[in-house]
1. Can you give the extra length, in nm with one decimal, that the chain gains between ARG72 and CYS58 once fully stretched, where that is 0.36 nm per residue apart less the Cα-Cα distance?
2. Could you pull out the trypsin sites (Lys or Arg not before Pro) across the range 1-51 that fall in loop regions by DSSP (anything but H, G, I, E, B) with no more than 15 other Cβ atoms inside 10 Å?
3. Determine, for each peptide in 153-163, 48-58, the mean count of other beta carbons within 10 angstrom over its residues, then list the peptides with the highest first.
4. Figure the gain on full extension for SER98 and PHE123 (residue separation times 0.36 nm, minus the Cα-Cα span) and round it to one decimal in nm.
5. Using r as the Cβ-Cβ distance of LEU41 and HIS141, and R0 as 22 Å, what FRET efficiency do you calculate, to the nearest 0.05?
6. Fewest Cβ neighbours within 10 Å first, please rank ASP44, ASP106 accordingly.
7. Take CYS134 and GLU82, extend 7 Å from each Cα along the Cα→Cβ direction, and tell me the distance between the two endpoints in nm.
8. Are there any GluC sites (Glu not before Pro) in the range 29-90 that are in a DSSP loop and have at most 12 other Cβ atoms within 10 Å? List them by number.
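Each reported figure results from applying straightforward, stated rules to the coordinates on display, with no laboratory input. Nothing here was measured: the structure is a model prediction, and the numbers come from that model. Cβ placement follows ideal geometry from the backbone for every residue including glycine, while neighbour counts extend to all protein chains displayed.
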Amino acid sequence: MNGETEYFETIGVGRVPFIFQRTCDAVWELLSVPHRQEGRLVYDGLPDPDNSLAIQFCSPLQRENGEVLKLRTHQVARRYIEKNRLVVVWRGLCEADSEFLGMNSDETGWCIVHSPESDPDFFADPATTLVQACTRMVPMHFQDGEDKEGKVNQFVELLVKTGAEDNREIELMMERLLLDDALATDGLDIDEDGNLTSLEV
């Protein structure tokens with residue numbers, strides 16, 4: 001709580017089992033939320049398009065009563081590539097339809113991926129990469145009514161569910177990268193049909 005404004009903040013610091021460049025590529029790919037294809041629009045014409053991203057997408061959520069709500073998100077991100085680290089910053093505005101009209105959330109975040117040269121842990125495994133991230137989400141409402149607080153709480157629950165889905169996608173990507181590394185080490189790959197094949201010709 002900051003004065004009268006309630007917000008949710010997530011801070012994470014950890015090591016991932018990938019080299020620096022691979023981690024940088026994965027972080028940038030995750031910011032494009034490739035798993036969110038419904039209602040997706042990618043905006044062109046941005047300055048420095050290789051390091052800038054502006055997208056819109058929908059996140060369908062099924063409530064306990066079976067009703068499906070859609071959260072529409074407008075997100076912008078910027079990547080800064082420095083000598084010994086990658087920094088990405090983003091902002092996302094999310095709004096719901098149906099009974100949650102007039103409610104939205106404002107998310108800001110940053111992520112830093114450290115190269116081995118900038119890693120404060122001198123004895124760290126060079127095959128791992130240090131990643132720091134912070135996300136702050138502020139739910140906002142522009143309506144009055146008797147049950148305003150209850151509606152805001154329900155809206156926040158929907159946002160939390162969406163965040164949990166996105167976190168699951170991050171876990172799946174990590175698993176995929178680990179599997180790719182393991183298969184490549186053994187000279188194997190998975191073809192389009194999901195069959196294990198040899199990389200040797």
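1. Numbers: separation 14, 0.36 × 14 = 5.04 nm, distance 0.45 nm.
Extra length from ARG72 to CYS58 when fully extended: 4.6 nm.
2. Numbers: sites: ARG15, ARG22, ARG36, ARG40; in loops: ARG36, ARG40.
In loop regions of the range 1-51 (DSSP not H, G, I, E or B), the sparsely surrounded trypsin sites (Lys or Arg not before Pro) are ARG40.
3. Numbers: 153-163: 16.4, 48-58: 14.7.
Highest mean packing first, the order is 153-163, 48-58.
4. So the extension gain works out to 3.7 nm.
5. On the way: r = 26 Å, r/R0 = 1.16.
Computed FRET efficiency for LEU41 and HIS141 comes out at 0.30.
6. Numbers: ASP44 7, ASP106 14.
By the 10 Å Cβ count, ascending: ASP44, ASP106.
7. With each label point 7 Å from Cα toward Cβ, the separation is 1.4 nm.
8. Numbers: sites: GLU29, GLU38, GLU64, GLU67, GLU82; in loops: GLU38, GLU64, GLU67, GLU82.
Counting only loop positions with at most 12 other Cβ atoms within 10 Å, the GluC sites (Glu not before Pro) in the range 29-90 are GLU38, GLU64, GLU67, GLU82.
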